Every structure is written in structure tokens, then in C-alpha cells.
Amino acid sequence: MEQGGQPEATTIVTSKAEDLDSLGLVERLLFANVPVWAMAIAILLGLLFTIAMLVAARQGPAKAGMLGTLAQNLSETPRAIKSLLPGYNFEDSMRTRDPAPALPAGFGARAPGFQDPGYLLLARSDPRLHRSVVEIVRVRDGKLLHRYTPDIAAVNARSLASGVLAKLPGEAEPNRYRMTHPLLLDDGSIIFHGDSPLARVDACGRLMWTVDGIFTHAIEPDGANGFWVSITYPRSSLPFVGPDFEEQGIARVSYDGRLLANVSIARILQDNGLYQLWGPRAYAKDPFHINDVEPVLRDGKHWRAGDLFISLRHLSMVMLYRPSTGKIVWYRIGPWMMQHDVDILDDHRISIFNNNTLGGAESDYGAVRRVAEHNNLLVYDFDTDRISAPFEAAFANYQVKTFREGLATMLPNGDAFVEETVFGRLLRITPSGGLRWQYVNAGDKGQRYLLNWSRYLDPQQYGKAIRAAVTAKCS
């Protein structure tokens, strides 16, 4: 002992071999001597493997077989890991992260003396339930008449198609699933998707059927007990495209859950001599982005019943396609930019919800989310080849500016019903620039949450369906 009673420091000297003998297997590997030639071979093999995976990913399973499949699965791993992180939950995915003034939830501003006779099929992300819901709401007093909260896990559990759920592991989670553009049927049931398999549930939310696949965006009835919707294929069958190229198509589905038609949009364009519109972007992830397939229900001056108006967001293109002949009858690129929601107004006019979004096609979830001034609703007249913006003043007055998604429907009295999806707001506006009413999907402190493509329900058209839902005996 040293003076003062403190222990004396002791130095123990051992050989390197003795040190290694005292370590476990992992530590031995970490501290082991590795010849330079072995390291060089390992690095070379790693480079060769990386190059092989890149080549196989570009060729895809069609050319590279199992290696191509492995490469594509590896390329999707980072996205899958990110989507499964526990912190990435309802608040992260459903609350708007863009600046928006805090507003009270529900119906706020209303025009004095105006009584709206309609109803809403309100598709929204509910901040209290922490999930997507669909509600039938009476507009005149804001009363909730019926709510659909089906078991989303049960919908996803029916998916068997290879690659479907692998494409959307996070989006399939019940608290991040968006019940998108629900369609209300006469028996009170609804059809919806969440960029996922299609599902139909009865008025009580019980699952009736699913159709497997990655179905997306608008669901539009065809007038013959079916509807059209866009679809993304888990794997592209096209040659000479990138490993993450999203081949998309249009699908017709019956109300009883049968897939009746399924056509690739790339092949439609190619067969009609328009390959140049997407060929230069064959290595882009999402060159088309179909967001609306609007069926023509009656003959007009410029179209026939059974034709389809198709909106291709990332080409800023709207086209009229005739499935009976496989021909594109008409198309136009712009002046709309990154548009949504094509509607047929009469026998010679259509309306287009113009997002007016600036930035490249892949900037959707990136840094560029700017709208040029505001959205608007454009009307194209086939008779005169002219475009008008009848609600320009209202869109400017109320600063409607969803940079993605969004929809607008012209109503029989000349007003327009508008969904500002990203900022959780619905409006009924007038051509003179006025506001009939406004609804905001907000939390307790006014923070905004996403809407999921709602519908305005005219009681003359949807009265039977509304009564069936509201009077359903659910236990």
C-alpha cells in the first residue's frame, strides 16, 4: 500500500496472442490480421456483386429471372424499412406538414340564408379516432348521419397477389390507410381502396369482397353496374424500363367484385403512336400517374357512350380513349399543370381540376410543392376549342392550393364543390367568387388533416342509398 492508504497502481503486460486468446469469437474477427490480398478480393467481389445487382434490377425478372427478382426486392428494402418505423404513424402521414392557418373543425363560414339540400360522402382522416373514416353528413346542419369504420386489417389479409403488399407495407397499416374516393351504392354499401386492393363493405362496415391489386385514385361508375379505376402493377412487363418503373393501367370492375378489363396505359400510348411521350422517361419511377378515368355515359358531339376521359398527371395530359377500338380519339397537354378530376358537363364540354403545380413530375413528395398562385377549375369546349376558368375569382379569394390530389364538381345550379385535399378543406363556391359554405377537417387546435376524395351527394340521385345506410340495423 502507498502512504495515505490508496491502492498502488499495477501494470500487467501481456502478449498480443494472450490478448486474442482472452477474447470471444466476434472480438477475434475484429482484431484478427487480414492479408491485403484477401481484402482486395473481398472488395472486388463486393463490386462485382453490386454491378450484377444493378444490371439485374434494370433488366427485371423477365430477363434476369430469379436474380432480377432478388435485385428488385433488395432495391425496395430501404423503403420498406422506412415505412415500418414505429415513429411513422397517423400523425406523420395524415396531418398536413405544409403551412396552413389553424381553423376550427367542421362547418365554419356559411352564406346567410342559403340552405344546401345536399349531403356529403365525407372521406377523411379522423384525428380523434386515428384512422380513416367515411361519413354521410347532412350539409344544411352538419349532422353526422352514418359512419363507416371497417376492419382494414381484414381487407389487407385477403391480398394474395405477389408483390402487392410488398409495394405498400406502411400504407397498408390500419392507422395510415386512406379509404379513398368511396362510392356509395343503393344498398348503403361502399366501395373504396387505399392505394391497395379494392374492397366493398356493407352499411355496417362488414367486408363483402375484395379485388386484389394496387388500385389507386378515382373510382368512377360506368352506368352499367360497374366502375373504372386506375391500377399499378407490382411488376412491369415492359422491356427497357427502370427497376422501379411503375407501369399503370385502367381497370373496369363490376359491383359484385369481378375484374372485367385491365389495360396498360403505356401500351395504349404506344399502340397509338405516342411512345415518345413516355419513352424518354422509361427510367423514371412514375411517368404517367393516372388519377382519373371518367366514363362517358351518353353520346355527345365529340364522343360515344363507353369512351373514357383519362387524366395523366405527370404528363399534364388529358385524353379521350375508345376501348371498343383501342384508339385515342383526342388528347391535349396543358394549359393545366399536374391536373386531377375530369368531369363531363354536357355534350361538348368537360371540366378539369387544375392543380397548377410547379416542379417536376417526381417532386410530389419532395422539396418542390409550389402552386402557381392557386388551383382553378378549367372548362374546355370542344365546339370552340376554347378554355375558360369560371371560378377563378373564388379560387383566388379563398386561396385553394392543394399541390397534389384535389377535385372539383360543378353542381346543377352552377356552383362548384371543391376538395382541397392536402389542406383538409371542402368548399362550395359560386361563379361570382362567393362562398356558400366551408368545411375543415381539423384537430382540437385547428391543425389540418388530409381528406381522402369526398363526394357531394345530390338527394335526388343518392336518396335511396343514403336511406339504406342510415336505417341499417348494425349490432
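The values are calculated or read from the model by the stated rules, or taken from the named source; none is laboratory data. These numbers were taken from a predicted model, which means no experiment stands behind them. Glycine also receives a Cβ, built like all others from the backbone with ideal geometry; neighbour counts cover every protein chain displayed.
Looking across segment 165-190, the residues that are at pLDDT 90 or above, part of a loop (DSSP other than H, G, I, E, B) and either within 17 Å of ARG467 (Cβ to Cβ) or among the polar types (S, T, N, Q) (or both) come down to LEU185, ASP186, ASP187, GLY188, SER189.
In a residue-by-residue description of segment 401-412, the property of being surrounded by fewer than 18 Cβ atoms within 10 Å (Cβ to Cβ) and either among the small types (Gly, Ala, Ser) or more than 20 Å from ILE350 (Cα to Cα) (or both) applies to no position. The residues in segment 261-294 that are in contact with an Asp or Glu (Cβ under 6 Å, 6 or more places away or on another chain) and assigned to a loop (DSSP other than H, G, I, E, B) can be counted, and the count is 2.
The residue list ALA203, ALA199, ALA218, ALA224 contains one member that is over 15 Å from the mean Cα position of the chain (by Cα) and in a strand (DSSP E or B), which is ALA199. Note on segment 228-260: residues that are of a type outside the set (D, E, K, R) and closer than 16 Å to THR216 by Cβ amount to 15. Going through (1) at pLDDT below 95; (2) within 30 Å of ALA199 (Cβ to Cβ) one by one, ILE265 falls short only on (1). The criterion of being over 30 Å from TYR321 (Cα atoms) and at pLDDT 95 or above holds for GLY142. In this structure, ASP364 does not qualify as among the acidic types (Asp, Glu) and at pLDDT 95 or above. Checked against the criterion of being more than 19 Å from LEU378 (Cα to Cα), surrounded by 24 or more Cβ atoms within 10 Å (Cβ to Cβ) and out of contact with any strand residue (DSSP E or B) (no Cβ under 7 Å at 6 or more places or on another chain), segment 314-332 contains not a single residue that satisfies it.
Listed here are the strands (runs of 3 or more DSSP E) enclosed by segment 420-465 that have at least 1 residues being touching a residue at least 12 places away in the same chain (Cβ under 8 Å), among the hydrophobic types (A, V, I, L, M, F, W, C) and surrounded by 23 or more Cβ atoms within 10 Å (Cβ to Cβ): 425-429, 435-440. Note on segment 111-138: residues that are without any contact (Cβ under 8 Å) to a residue 12 or more places away in the chain and not in a loop (DSSP other than H, G, I, E, B) total 0. Can we say ARG267 is among the basic types (Lys, Arg), surrounded by 14 or more Cβ atoms within 10 Å (Cβ to Cβ) and at negative phi? Here the answer is yes, as ARG267 does meet what is asked.
Of ARG304, ARG252, ARG313, ARG258, all but one fail to be touching an Asp or Glu at 6+ places or on another chain (Cβ under 7 Å) and at negative phi; the exception is ARG252.
When TYR321, TYR275 are checked against the criterion of being over 24 Å from the mean Cα position of the chain (by Cα), farther than 30 Å from GLU373 by Cβ and of a type in the set (Phe, Trp, Tyr), a single residue qualifies: TYR275. In segment 422-430, the condition of being under 17 Å from THR180 (Cβ atoms), in contact with a helix residue (DSSP H, G or I) (Cβ under 6 Å, 6 or more places away or on another chain) and modelled with pLDDT of 95 or more is met by no residue. Scanning segment 408-441 for residues that are in contact with an Asp or Glu (Cβ under 6 Å, 6 or more places away or on another chain) and under 19 Å from ARG95 (Cα atoms) yields THR421, LEU426. Residue count for segment 411-421 under the criterion of being at negative phi and either at pLDDT below 95 or out of contact with any Lys or Arg (no Cβ under 8 Å at 6 or more places or on another chain) (or both): the result is 2.
If you go through segment 367-397 and pick out every residue that is in a loop (DSSP other than H, G, I, E, B), surrounded by fewer than 20 Cβ atoms within 10 Å (Cβ to Cβ) and at pLDDT 95 or above, you end up with 7.
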